[in-house]
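*Asks:* This structure is in structure tokens; I'll ask about it shortly.
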Amino acid sequence: MWAELIAVGSELLSWDKAETNSLYISKQLNLLGINVRFKSIVGDAESDIEAVLKAAVSRSQVVIITGGLGPTEDDLTRKAVAKALKRGLVLKEELIEKIKKRFESMGKAMPKNNERQALMPNKAVVIDNPIGTAPGFAIEHDKVLIICLPGVPAEMQRMFEEGAVPLIKKRIDVSEAVRLWIIRTCGIAEAKVDELIGDLYAADKNIRIGLAAGEKGVDVRITSSKASEIETSRLSAELEEKITAILKDYIYGFDNEEMEEIVVRLLMEKGAKLAVAESCTGGLISKRLTDVSGSSACFDRGIVSYSNEAKIQMLKISNDLIKAYGAVSSQVAMAMAESVRRISNTELGIGVTGIAGPTGGTPEKPVGLVYIAISEKGKETRCKGYNFAGNRGMIRMKASQFALNIIRRALLNIQ
């Protein structure tokens, strides 16, 4: 089954606005066994949206549109879809009432313009929006499933999971579905992963292994097609077991699991608490940890000691130490880790300092150099230096991922 994604919004065609909804949807569709064949971005022009949709309907079985469902004049997805499919728009009074109640819950009166969001193409199935005002909808047209969702990522994701996925699953032919398993690794290069598991690539003609390298590590993707569910499960389980035995401690999770989720779970299982002192990552490690629900039970605090003065005042790092070795050094990273653990009285402390760039590097300490230290109660403080490649955002993300991985390995007693 082929899927196609269309993102609507003139702002997505500008230089300063990235389109990210398709990344989320593509991943979720892949996990459902559906390949994405085309992605399009179209501006706020009714005729352009209509043309892109007609092309999509002619070549794909599932079409997902995001954006253009707001209350303003330039929110044209509803009109364009209705016109492309030769359907009229129907005003749903029950939707107006829901939108009004949404505004009332925020202590506001509904603007008249928001009534536009209650317009639906004829015979469309409404997809409820539990956290916003814009409902989505789905239409069956010439055996093609068309799903329209808001462009706001949080709303789109919730509606996709709760409203779109059940509709998509009804269309999946089990005998033709492509199934995807992901093994997630950190701390090992893509070329090394390829070298270690390369002999498994030809395990079976219906099973394909691929690698996807990113800022968080290397994902091993096992894809199956045109095999019975029982046979596929058996083969994939065998492959997963072999790959796990080879990559061992580099594996931190599977499928949608994120490193911060693993770390929070391990901290809670061990009854341990963590504190973090960050410099070059600017609070990213703390942010990722506190994104996980329930992390307050195991994450004590994060201190962003960006300047030398902050390191001295907040963490009581010796000025002489900074002068002797520099703020970006293993010595300062270890002092940060020990200090934040001591101040917070936690079992674990992490210290991170480095040069995220693009300026600030020297021949001795280039951009991308990051020191990550861990202080564990009753153990000797350890530190390791890394040279990360990429732009500022990539270096910071890689540093946060490696820091979390060091915590994971410590909690599992992996050296």
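*Asks:* Going through region 207-288, which GluC sites (Glu not before Pro) have at most 14 other Cβ atoms within 10 Å and a DSSP loop state?
*Replies:* Passing sites in region 207-288 are E257.
*Asks:* Just the number please: accessible area per residue for region 1-81, 1.4 Å probe, all protein chains included, in Å².
*Replies:* Counting only protein heavy atoms, the per-residue value for region 1-81 is 42 Å².
*Asks:* Kindly write out, for region 6-12 in residue order, the coupling ³J(HN,Hα) from the Karplus curve 6.51 cos²θ - 1.76 cosθ + 1.60 (θ = phi - 60°), rounded to whole Hz, with x marking Gly and Pro.
*Replies:* 10, 9, 9, x, 4, 5, 6
*Asks:* What's log10 of I(q)/I(0) for region 77-167 at q = 0.13, 0.22 Å⁻¹, Debye sum over Cα points only, no solvent?
*Replies:* -0.42, -1.14
*Asks:* What do you reckon, how do R102, R208 stack up by accessible area (1.4 Å probe), largest on top?
*Replies:* R208, R102
*Asks:* OK, next. Suppose the chain between K384 and E309 were pulled fully straight at 0.36 nm per residue; how much longer would it get relative to their current alpha carbon spacing?
*Replies:* 24.6 nm
*Asks:* Where both partners of a DSSP beta bridge lie in the chain, what percent of those bridges are antiparallel, to the nearest 5?
*Replies:* 60
*Asks:* Give the relative contact order (percent, whole number) for region 71-172; include only Cα pairs under 8 Å separated by 6+ residues.
*Replies:* 21
*Asks:* Further question: Give me the percent of Cα-Cα pairs in the chain that sit more than 26 Å apart, rounded to a whole number.
*Replies:* 64
*Asks:* With a 1.4 Å probe and all protein chains left in place, how much of the accessible area of region 252-340 comes from carbon and sulfur atoms, in whole percent?
*Replies:* The computed percentage sits at 49.
*Asks:* How large is the accessible surface per residue of region 87-245, computed with a 1.4 Å probe and reported in Å² as a whole number?
*Replies:* Result: 53 Å² of accessible area for each residue.
*Asks:* Once the mean 1/r over all distinct Cα pairs of region 346-392 is inverted, what Kirkwood radius in angstroms do you read off?
*Replies:* Mean inverse Cα-Cα distance, inverted, gives 11.7 Å.
*Asks:* Tell me, Kirkwood radius of region 99-227 from alpha-carbon pair distances, in Å?
*Replies:* 18.5
*Asks:* Follow-up. Starting from the Cα-Cα distance between A191 and S47, subtract it from 0.36 nm times their residue separation and give me the gain in nm to one decimal.
*Replies:* 47.2 nm
*Asks:* Taking the solvent-accessible surface of protein heavy atoms with a 1.4 Å probe, what is the per residue accessible area of region 320-391 in Å²?
*Replies:* 47
*Asks:* With a sphere of radius 12 Å drawn around the Cβ of A333, what net charge do the other residues whose Cβ falls strictly inside it have (Lys, Arg +1; Asp, Glu -1)?
*Replies:* So the surrounding residues net to +1.
*Asks:* If you average 1/r over every pair of different alpha-carbon atoms in region 1-147 and take one over that average, what Kirkwood value in Å do you get?
*Replies:* 15.9
*Asks:* While we're looking at this one, here's another question. Give me, ordered by chain and number, the residues 5 or more places off W2 or on other chains with an amide H under 5 Å from its own placed amide H.
*Replies:* Result for W2 returns Q61, V62.
*Asks:* Can you list the residues, at least 5 places off or on another chain, whose amide H is less than 5 Å from the amide H of Y252, using H built in the peptide plane?
*Replies:* Placed amide hydrogens put R184, T185, C186 under 5 Å from Y252.
*Asks:* Turning to a different aspect of this structure: Regarding region 255-314, what is the average projected area of its C-alpha convex hull, in nm²?
*Replies:* Reported value for the Cα convex hull: 4.5 nm².
*Asks:* So for the chain, averaging the separation of alpha carbon pairs under 8 Å that are six or more residues apart and normalising by length, what relative contact order in percent results?
*Replies:* Contact order relative to length: 10 percent.
*Asks:* Quick one: if you stick a label point 7 Å off each Cα along the C-beta vector at F103 and S10, how many nm between them?
*Replies:* A separation of 2.5 nm, rounded to one decimal place.
*Asks:* Suppose the chain between A154 and D199 were pulled fully straight at 0.36 nm per residue; how much longer would it get relative to their current alpha carbon spacing?
*Replies:* Result: 12.1 nm gained on full extension.
*Asks:* Okay, next question. What are the ³J(HN,Hα) couplings of region 330-341, residue after residue, when phi is run through the Karplus curve with 6.51, -1.76, 1.60 and θ = phi - 60°? Round to Hz, x for glycine and proline.
*Replies:* Per-residue couplings from phi come out as 5, 5, 5, 4, 5, 5, 5, 5, 5, 5, 5, 5 Hz.
*Asks:* Report, to the nearest whole %, how much of the accessible area of region 1-118 belongs to carbon and sulfur atoms, 1.4 Å probe, protein only.
*Replies:* 52
*Asks:* Something else: With a/c under 1.5 counting as rounded, go ahead and sort region 11-74 into rounded, prolate or oblate using the C-alpha gyration tensor (a ≥ b ≥ c being the square roots of the eigenvalues; past the cut-off, prolate if a/b is larger than b/c, else oblate).
*Replies:* Oblate.
*Asks:* Please report how far the C-alpha centroid of region 74-133 lies from that of region 13-53, rounded to the nearest whole angstrom.
*Replies:* Region 74-133 and region 13-53 have Cα centres separated by 21 Å.
*Asks:* Could you list which residues have their amide H under 5 Å from that of K273, counting only those 5 or more apart in sequence or on another chain, with H placed in the peptide plane?
*Replies:* Counting only residues 5 or more places away or on other chains, the set is E347, L348.
*Asks:* Mind jotting down the three principal axis lengths of region 193-290 based on Cα atoms? Whole angstrom, largest first.
*Replies:* Ordered largest first, region 193-290 gives principal extents of 49, 27, 22 Å.
The values are calculated or read from the model by the stated rules, or taken from the named source; none is laboratory data. Remember, predicted model here, so these are calculated numbers, not experimental data. Don't worry about glycine lacking a Cβ; one is built from the backbone with ideal geometry, like all the others, and counts go over all protein chains shown. For accessibility, only protein heavy atoms count, side chains too; no ligands or nucleic acids. Shrake-Rupley method; radii C 1.70, N 1.55, O 1.52, S 1.80 Å.
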